[in-house]
Each structure stands twice: as C-alpha cells, then as structure tokens.
Amino acid sequence: DRDNIGKNLGRGVAIEVGGFALGPMISALTIGTFGLAAPFLILATILVVMVIAIARETILETAVEDQPDERFALDLLRIRPLAGAILIGVALYVMIGVFDPLWVVMMDDLDAPSWVGNAGVSIFGLPWILFATVGGTIAQKYGPFRISAFGLAIGACYMASYGFIGSPYVMLGVAVTQSALDALTVTGTGIAVAHAAPPQRQAGASGLLGGIQTLTGGIVALAAGSVYEHFGRGVAFGATGIVMFSLVCVGCLLAGPKLLRRPLH
C-alpha cells in the first residue's frame, strides 16, 4: 500500500510503543496483588491470543517469482539512499541506547522523587501513541528523509541539554516535548527505507534497519553507563548529541540533495 506508507508505518509505531508502555503498567498493577508471576502469565496469554488471531488471517506474501535469491539483506547497504536512511535511523537508537539505561540513574543522582524516575519512560512513550500516525503522514507528505533528519538533529540538541539541566522536573518536561517532536518526525526513517529499497526487498530492508538499530542500541547502552560513571553526565549526553548529529549529517550526504527536497506530489 505504497500510497499510505507513512500513515501505516506511523500507526505501526504507535501500536508498538503502546505495547511497550502497557507492559510496565500491567506489572505495576498486578505484582503487588497477585505476585511476580502474574504479569508474565498475562502477557503470555495476550501473545497466544494474538498469534492465533494473526494465523487466521490471509496475508499476501511476495510472489515466488519475485522472491530474492540473497540469504541476507546486507547487500542492500550498497544502495546509497538506503544506507543514508539507515544511518539516520541509527541516530534514533543512539539516543534510546543512552536515554533508557541512564534515565533512572540520572534521576537518582539528582535526588528526584521515585515517581519521576519510574514514570519517565512511560510518559516519554505517551506522545508516540498519540502522534506517531500523524508523524508518518507528515513524513510522507513533506519527505521522509528531510523530516526524520530534522527531527533527529533537534533531538541531538535535546540530548546534549540533559547533561546540563539541574532540575529533574525541568528535565522531565523537556523530555516530554522531545518525545512529541520525535513522534512527529522520526517515523520518517522507516518510510525512507521503504522508498529507497526495491519493492521485492521491502521485508529485508525493514529487517536490516531494525537489526542495525537494535545492535547499535545495545552497544551504546553498554558504553553509556561506563562514560556516565567515569566522565559524568555532561560528557555522556554531550557526546551523544555529537554522535547523533554526525550520523544525521552523513546520512543526508549519502541520501543526496534530491531526496532531501519536498516531494512534488
């Protein structure tokens, strides 16, 4: 459904982040009353129901004659615009790889109330649930490369600012505004990959993006904790902003000026 890629991918992100935020809520509401096993049993039941529902759907896969011969998708990195889109998408997971493991530690160091640290990640995900579908539509209308690059360049500035904000409440407020901006812009990375990849390689390109992003997030999370411990908050978040901005710039260079313009239709 190439005419509605932005809307559809945006809706997918909204649902995905919604599930991410729902898990901690289920845990918080059930562990105290029913014990540690309760949230795992509930989530396992939800998964079984979803698998059964999906298995009953008839989904059109790639026709046999159009299926690629490549066993892996790494060859797609030779397509410069696709490699550029992936680099821009990697900037998002550099941000996530730093923000997720350090948020609670940072709040503790700032002597913030426990609710600020615990609620921060869920609150950060709320704008994604509300605005990601709109963000996908915006990216398709104005150009996924330029919208996602803009959002992550501003996101780099946000991340650098966390190294110097002294109040946990101000930091939480800033994080919510950043989350709203991200929801309205960074959905464009998936759309950019979809536009740059050949039609018969869509699944491989999407998997390549997700795999590289997740690997990056894990590596960055390991490094972020060490940098924070040895060099402090300012260096950890300042370096994050620099790395994000650099990835966005290189991604834009690979994409080329044509793809950074607003689409004609």
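The values are calculated or read from the model by the stated rules, or taken from the named source; none is laboratory data. None of the values given here were measured: they were computed from a predicted structure. Note that each Cβ is placed from the backbone with ideal geometry, even for glycine, and that neighbours are counted across all protein chains shown. When the accessible area is computed, the model is the full protein with side chains, heavy atoms only, and any ligands, DNA or RNA have been set aside. Shrake-Rupley method; radii C 1.70, N 1.55, O 1.52, S 1.80 Å.
Remarks
- Candidate set from the range 10-23 (those that are open to solvent by 70 Å² or more (accessible area, probe 1.4 Å) and not charged (D, E, K, R)); member that is nearest to G125 (Cα to Cα): F20
- Test: residue in the range 128-148 that is in contact (Cβ under 8 Å) with a residue 60 or more places away in the chain, under 17 Å from G234 (Cα atoms) and part of a helix (DSSP H, G or I): no
- Among the candidates A132, A183, A203, residue that is surrounded by fewer than 22 Cβ atoms within 10 Å (Cβ to Cβ) and under 20 Å from G10 (Cβ atoms): A203
- Unique residue being in contact with a Leu (Cβ under 6 Å, 6 or more places away or on another chain), of a type outside the set (V, I, T), touching a residue at least 40 places away in the same chain (Cβ under 8 Å) and within 19 Å of A149 (Cβ to Cβ) when the list is A255, A196: A196
- Residue count for the range 149-180 under the criterion of being of a type outside the set (G, A, S) and crowded, with 18+ Cβ neighbours inside 10 Å: the result is 10.
- Just one residue in the set A156, A183, A175, A196 is modelled with pLDDT of 85 or more and within 13 Å of the chain's Cα centre (by Cα); that residue is A183.
- Just one residue in the set D111, D69 is closer than 30 Å to A156 by Cβ and not in a helix (DSSP H, G or I); that residue is D111.
- Test: residue in the range 73-87 that is closer than 18 Å to A203 by Cα, hydrophobic (A, V, I, L, M, F, W, C) and open to solvent by 60 Å² or more (accessible area, probe 1.4 Å): yes
- Within the option set L222, L259, L253, L215, being among the aliphatic types (A, V, I, L, M), assigned to a loop (DSSP other than H, G, I, E, B), over 21 Å from R11 (Cα atoms) and open to solvent by 60 Å² or more (accessible area, probe 1.4 Å) holds for one residue only, L259.
- Qualifying residue in the range 51-61 (condition: under 30 Å from L181 (Cα atoms) and open to solvent by 50 Å² or more (accessible area, probe 1.4 Å)): no
- Residue in the range 91-111 that is closer than 20 Å to A203 by Cβ and surrounded by fewer than 20 Cβ atoms within 10 Å (Cβ to Cβ) present: no
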